[in-house]
1. Give me the residue from the range 85-107 that is in contact with a helix residue (DSSP H, G or I) (Cβ under 7 Å, 6 or more places away or on another chain) and in a loop (DSSP other than H, G, I, E, B) and, out of that set, surrounded by the fewest Cβ atoms within 10 Å (Cβ to Cβ).
2. Please indicate, with yes or no, whether at least one residue in the range 136-158 is touching a Ser or Thr at 6+ places or on another chain (Cβ under 9 Å), part of a loop (DSSP other than H, G, I, E, B) and of a type in the set (S, T, N, Q).
3. Residue 34 is checked against (1) within 20 Å of residue 154 (Cβ to Cβ); (2) modelled with pLDDT of 90 or more and fails just one. What number does that condition carry?
4. With the checklist (1) in a loop (DSSP other than H, G, I, E, B); (2) at pLDDT below 95 in hand, flag the one item residue 76 doesn't pass.
5. Would you call residue 141 among the charged types (D, E, K, R) and over 18 Å from residue 65 (Cβ atoms)?
6. Residue check, residue 167 against (1) exposed (fewer than 13 other Cβ atoms within 10 Å of the Cβ); (2) farther than 18 Å from residue 56 by Cβ; (3) in contact with a Leu (Cβ under 8 Å, 6 or more places away or on another chain), all met but one. Which one?
7. Spot the failing condition for residue 166; the list is (1) in a strand (DSSP E or B); (2) farther than 30 Å from residue 37 by Cα; (3) hydroxyl-bearing (Ser, Thr, Tyr), and only one is missed.
8. Sort through 99, 123 and tell me the only one that's under 17 Å from residue 49 (Cβ atoms) and at pLDDT 95 or above.
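The values are calculated or read from the model by the stated rules, or taken from the named source; none is laboratory data. Nothing here was measured: the structure is a model prediction, and the numbers come from that model. In this analysis, Cβ positions are derived from the backbone assuming ideal geometry, glycine residues included, and neighbour counts consider all displayed protein chains.
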Amino acid sequence: MKMTHAWLTAAALALSGGVSLAANAAPSAAGAAATEASAWQHHHATFSYFGLTSIYSCDGLEGKVRQIMRFLGARADLKVAAQGCPRGPDSLSRSAWVTVDFDTLALAAADAPTADIVPARWTAFKIDTQRPFFMDGGDCELIEEMRPVLVPNFSWRNLDYRTSCTPHEITLLDFRVNGEVLKSSAKDAG
């Protein structure tokens with residue numbers, strides 16, 4: 001009850017006193033709006049997936065990896081291939097090899113050709129058991145095994161990459177990845 005009363009009081013003061021809650025958020029929004037000169041860099045990576053808690057079909061694994069990579073700003077033309085599903089790409093398997101060919105943004109060198117420059121922004125993000133919408137609690141092992149692909153191949157600021165996967169258990173605190181990632185600010189971000 002006290003908490004509700006304090007919240008209502010703060011809201012009433014903000015509305016009647018002319019204090020703008022949006023104005024308090026403006027400095028961080030303005031800082032995030034600055035564009036950076038960047039360029040696409042190509043990467044090729046392979047990782048193995050072995051799941052005790054969650055199993056995927058090869059098609060499902062490809063789709064989930066693609067969603068994660070795109071969410072973090074990989075160019076749309078990325079290629080993901082999973083192999084190792086013994087009964088075909090739509091059958092479930094505890095293990096698979098995943099190969100990813102993709103492009104991500106990095107800050108451009110001062111002497112980079114103008115044609116290669118892509119406007120980008122540092123974009124805050126969070127990946128956990130509830131966000132973005134396509135993530136589930138059972139994805140902890142996948143996030144853990146994607147770390148060697150994601151960390152060195154994207155441009156990060158303030159990256160916090162935590163996994164604490166317990167086989168055969170799913171909790172809300174299994175994994176959390178957050179920080180800022182360099183993403184294209186162009187409408188046709190590829």
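1. So the residue we want is 90.
2. If we filter the range 136-158 for residues that are touching a Ser or Thr at 6+ places or on another chain (Cβ under 9 Å), which is where we start, we get 136-145, 147, 149, 153-155.
Add one more test, that the residue is part of a loop (DSSP other than H, G, I, E, B), and what stays is 136, 154-155.
Keeping just the survivors that are of a type in the set (S, T, N, Q) gives 155.
Scanning the range 136-158, I find at least one residue that is touching a Ser or Thr at 6+ places or on another chain (Cβ under 9 Å), part of a loop (DSSP other than H, G, I, E, B) and of a type in the set (S, T, N, Q), so the answer is yes.
3. Residue 34 satisfies all of (1) within 20 Å of residue 154 (Cβ to Cβ); (2) modelled with pLDDT of 90 or more except (2).
4. (2)
5. Numbers: among the charged types (D, E, K, R): yes; over 18 Å from residue 65 (Cβ atoms): no.
No, not satisfied.
6. So residue 167 meets the others, but not (2).
7. It is condition (1) that residue 166 fails.
8. Values: 123 fails: under 17 Å from residue 49 (Cβ atoms).
Answer to the selection: 99.
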